[in-house]
1. In whole Hz and in residue order, list the ³J(HN,Hα) couplings for segment 63-78 that follow from phi through the Karplus curve 6.51 cos²θ - 1.76 cosθ + 1.60, θ = phi - 60°; x for Gly and Pro.
2. Mind jotting down the distance between the C-alpha centroids of segment 218-254 and segment 102-154, whole Å?
3. Suppose only helical runs count, i.e. DSSP H with n ≥ 4. What mean residue ellipticity at 222 nm does that imply for the chain under -39500 (n - 2.57) per run, divided by all residues and rounded to the nearest 500 deg cm²/dmol?
4. How much length, in nm to one decimal, is gained on full extension between D66 and M186, taken as 0.36 nm per residue of separation minus their Cα-Cα distance?
5. Set the Förster radius R0 to 25 Å, insert the Cβ-Cβ distance between A90 and E126 as r into 1/(1 + (r/R0)^6), and round the FRET efficiency to 0.05.
6. Between R45 and R265, how high is the FRET efficiency from 1/(1 + (r/R0)^6) when r is the Cβ-Cβ distance and R₀ = 41 Å? Nearest 0.05.
7. At 7 Å along Cα-to-Cβ for each site, give me the label-to-label distance between H116 and E243 in nm.
8. So what J values fall out for segment 93-105 if you push phi through Karplus, 6.51 cos²θ - 1.76 cosθ + 1.60 with θ = phi - 60°, rounded to Hz, Gly and Pro as x?
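Bear in mind these aren't lab numbers, they're just calculated from the coordinates by the rules spelled out. Since this is a predicted model, take the numbers as computed values, not measurements. FYI the Cβ positions are ideal-geometry reconstructions off the backbone, even for glycines, and counts take in every protein chain you see.
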Amino acid sequence: MNHEASPHAPDGARPAHCAGAVPRAALVTGAGRRLGRELALGLARAGWDVAIHYGRSAEEAGRTADEIASMGRRACAVHADLADEAATGAMFDEARRALGAIGCVVNSASRFEYDHPASFGYRALEEHFGPNLAAPLLLARRLHESLADPQCGVVVNLLDQKLDNLNPDYFSYTLTKCALLGATRMMAMAFAPKLRVVGVSPGITLASGEQTAEGFARAHRLTPLGRSSTPEDVVRAVVFVAEAPAITGVNLLVDGGQHLLPLERDVMYLAPR
């Protein structure tokens, strides 16, 4: 691929604006279930072909691919353990073989296990590191490397509103998401103009763990707008930033203003489960 001049090159030359088309194929991690599935379906409805990554949800990923195919879009299911660097890279290559050039990567998959600074150990952080941080960084690099002039691309990193409203619950999860937020801005600088990198931060969107429907509904109302994000809200935001060529290096909060209410604990612990 061509190597463009750095924005800060000694001769003052700046890289040309990337005016090329974005290949209309997306890779969505963790897309067999829950929010990742909704993102894959939403991108398909917006006219994207979709590679559905899964870790342990092969059957669900296959059903998602079938549903996308029924819309008249191309789809494939691709497997990888995102804690494994070689497997993650091979999964990206498999998606390209199936769909051709990839123009968008949505890093939706993440590990979300409870720990706290008072119980912190190396193992918890290491288990969160691969899927929450290392894999999104590798996939962004691979997408940037794969784009041929005059193609452009975009990476959308799913973050969390709590990065603007920190509390110590889910400590290792939060640390890795904090790092991915910083990496979003740094990669946006490093990979421009060929590749945009954007963050989207939902609020509480789906019930987690042992949370009851009643507890989730109460937690969902703990925002200035009286509602946090729905899957539909997050899908709209991701499709928007994927198709907005002037947006890069930012984190779009989609949370009903949840980040504006200082909380000492994670919101799911402030409403009965």
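1. 5, 5, 4, 5, 5, 5, 4, 5, 7, x, 9, 7, 8, 8, 9, 10
2. Going from one Cα centre to the other spans 19 Å.
3. -11500 deg cm²/dmol
4. That pair, D66 and M186, stretches by 39.5 nm at full extension.
5. With R0 = 25 Å, the Cβ-Cβ based efficiency is 0.70.
6. Calculated transfer efficiency: 0.65.
7. Between H116 and E243, the label points sit 4.5 nm apart.
8. Working through the residues one at a time gives 5, 4, 4, 5, 5, 6, 10, x, 4, 9, x, 8, 10 Hz.
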